[in-house]
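Please treat every number below as a calculation from the coordinates, not as lab data. Quick caveat: nothing in here was measured; it's all calculated off a predicted structure. No Cβ is skipped: glycine too gets one built from the backbone with ideal geometry, and neighbour counts run over all protein chains shown.
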Ligand SMILES: [Zn+2]
Ligand SMILES: [Zn+2]
Ligand SMILES: [Zn+2]
């Protein structure tokens, strides 16, 4: 691979990140079609989190011909290229992190359905324990830790 890889730790503007995408996709054997251009356009304007279903909807608003299979196949390649990362919500549903978002994990409250982001610093001791006790390098952005939030723990039972 001769194309430069985006570096998630560097502060890069969104459009710079997506500028070489056309050639990157071609190098992976994907033609630069109107559907893919629409998807890239939508992603480059997306910050934070987005689900595959939301992406298909947003693309269809621009190009009604958009097919989910093309969107999902292109998303796989974009993840290989390091432009997005997928994670899972508490129900296992895939959601995508659009770079240059900083890597983070999620915690989810069963009682109120709230979700919060946790950064590397907050998860440091967990990640260190996994590394030292299990020689396991955890992918923080991939999973959601489910439990109960402070407000729900303190709230008197409602029933
Ligand atoms: Zn997230
Ligand atoms: Zn996964
Ligand atoms: Zn809660």
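Do me a favour and compute the ellipsoid semi-axes for region 46-103 from its Cα gyration tensor, root of five times each eigenvalue, largest one first, whole Å. Write out the running numbers ahead of the final one.
On the way: eigenvalues 71, 33, 25 Å².
Three semi-axes, in Å: 19, 13, 11.
Express as a percent, rounded to the nearest 5, the fraction of DSSP beta bridges in region 55-159 (both residues included) that run antiparallel.
Values: 10 of 14 bridges.
In region 55-159, approximately 70 percent of DSSP beta bridges are antiparallel ones.
Along each principal axis of its Cα atoms, how long is region 90-159 end to end? Whole angstroms, biggest number first, please.
Principal extents (Cα only, largest first): 44, 30, 20 Å.
At q = 0.10, 0.21, 0.23 Å⁻¹, work out log10 I(q)/I(0) for region 24-144 with the Debye formula, treating every Cα as an identical point scatterer and leaving solvent out; two decimals please.
Rounded to two decimals, the profile gives -0.37, -1.17, -1.31.
Between residue 26 and residue 115, what is the label-point separation in nm under the 7 Å Cα-to-beta-carbon projection?
Reported label-point gap for residue 115 and residue 26 is 3.6 nm.
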